[in-house]
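**Q** Quick one: the structure is below, and I'll ask about it shortly.
The values are calculated or read from the model by the stated rules, or taken from the named source; none is laboratory data. It should be emphasised that the depicted structure is a prediction, and the values quoted were computed from it without experimental measurement. No Cβ is skipped: glycine too gets one built from the backbone with ideal geometry, and neighbour counts run over all protein chains shown. The protein model used for the area step is the full one, side chains on, heavy atoms only, and it has no ligands, DNA or RNA in it. Shrake-Rupley method; radii C 1.70, N 1.55, O 1.52, S 1.80 Å.
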Amino acid sequence: MLQSLRRYPVWASFSMLGVTLLLCWGLNAFFPVTIAVLLLLQLAVAIVALQSGPSLAVPISLVAALSFNFLFTAPRFSLQMSDVTDVINLVVFMLVAGVTSYIAHFYRQQRDELEQTRLRNSILLSVSHDLRTPLATIIGTLTTLQAYMNKLSHTERNELLDSATQESHRLHHYIENLLQATKLQHGIPVIIEDA
């Protein structure tokens, strides 16, 4: 059900409210306690708010409040209320539903930002590893050439220079990909060059 809330938020939210109302109807038949009904409805609104945000939780809470009034308060099956405590309960329900919706929305934003930070850090670690490998090879190759230039044969020097050149091209390719990805992230048009 929670995955459905993410995929089909409107349909799943109203389905969850319908199931909750049926559960409340059954509960109210055995234990006619309106507070229990309101708490179950509040739980449904909180779940919708966590999964879909306040833009859907507020309408769901309004429908839940109207349903509570219509189905569980006297006179039943009307939108009138004869008991002052039912009116107070309904007002408190709407206030709590609104606050819950916005707290859940804030929680979702914080969770999403944390997830993006983790993803960014993991990409940064991966990229730094990819950049270090060719750089270490280039440094090692050039250091070897510098230290043993006179002791190496012409073929060995050429092999080391070819290795350093290949690693330089690989490093250049990684940096170009990183720059292109950064441009895409910031909405800058990217020109794709033929290799």
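**Q** Can you tell which of Ser82, Ser78 is open to solvent by less than 70 Å² (accessible area, probe 1.4 Å), of a type in the set (Ser, Thr, Tyr) and without any contact (Cβ under 8 Å) to a residue 24 or more places away in the chain?
**A** Working: Ser82 fails: open to solvent by less than 70 Å² (accessible area, probe 1.4 Å).
After applying the criteria, what remains is Ser78.
**Q** Is it the case that segment 84-102 has a residue that's outside any helix (DSSP H, G or I), within 21 Å of the chain's Cα centre (by Cα) and either within 22 Å of Ser15 (Cα to Cα) or among the hydroxyl-bearing types (Ser, Thr, Tyr) (or both)? Full working, then the answer.
**A** At the first step, the residues of segment 84-102 found to be outside any helix (DSSP H, G or I) are none.
For segment 84-102, residues outside any helix (DSSP H, G or I), within 21 Å of the chain's Cα centre (by Cα) and either within 22 Å of Ser15 (Cα to Cα) or among the hydroxyl-bearing types (Ser, Thr, Tyr) (or both): absent.
**Q** Assess whether Ala12 counts as being more than 17 Å from Tyr107 (Cβ to Cβ) and open to solvent by less than 20 Å² (accessible area, probe 1.4 Å).
**A** Numbers: more than 17 Å from Tyr107 (Cβ to Cβ): yes; open to solvent by less than 20 Å² (accessible area, probe 1.4 Å): yes.
For Ala12, the condition - more than 17 Å from Tyr107 (Cβ to Cβ) and open to solvent by less than 20 Å² (accessible area, probe 1.4 Å) - is met.
**Q** Yes or no: His173 part of a helix (DSSP H, G or I) and modelled with pLDDT under 80?
**A** Against the criterion (part of a helix (DSSP H, G or I) and modelled with pLDDT under 80), His173 does not qualify.
**Q** Which ones in segment 1-35 are under 34 Å from the mean Cα position of the chain (by Cα) and at pLDDT below 85?
**A** Hits for segment 1-35 are Met1, Leu2, Gln3, Ser4, Leu5, Arg6, Arg7, Tyr8, Pro9.
**Q** Then there is this: May I ask you to list pairs of residues, at least six apart or on different chains, whose Cβ atoms are under 6 Å apart, with the first in segment 89-108 being within 18 Å of Ser55 (Cβ to Cβ) and modelled with pLDDT of 85 or more and the second being open to solvent by less than 60 Å² (accessible area, probe 1.4 Å) and among the β-branched types (Val, Ile, Thr)?
**A** Listed by first residue and then by second, the contacts come to Ala97/Val45.
**Q** Further, regarding this structure: Just name the residue that is least open to solvent (accessible area, probe 1.4 Å) out of those in segment 134-159 that are of a type in the set (Ser, Thr, Tyr), in a helix (DSSP H, G or I) and without any contact (Cβ under 8 Å) to a residue 24 or more places away in the chain.
**A** That would be Thr144.
**Q** For segment 95-109, name all the residues that are surrounded by fewer than 16 Cβ atoms within 10 Å (Cβ to Cβ) and in contact with a helix residue (DSSP H, G or I) (Cβ under 6 Å, 6 or more places away or on another chain). Working first, answer last.
**A** Going residue by residue through segment 95-109, those that are surrounded by fewer than 16 Cβ atoms within 10 Å (Cβ to Cβ) are 95, 99, 102-103, 106-107, 109.
Tyr102 - this is the single residue of segment 95-109 that is surrounded by fewer than 16 Cβ atoms within 10 Å (Cβ to Cβ) and in contact with a helix residue (DSSP H, G or I) (Cβ under 6 Å, 6 or more places away or on another chain).
**Q** Just one of Leu56, Leu22, Leu41, Leu79 is more than 20 Å from Thr100 (Cβ to Cβ) and in contact with a helix residue (DSSP H, G or I) (Cβ under 9 Å, 6 or more places away or on another chain); which is it?
**A** Leu79
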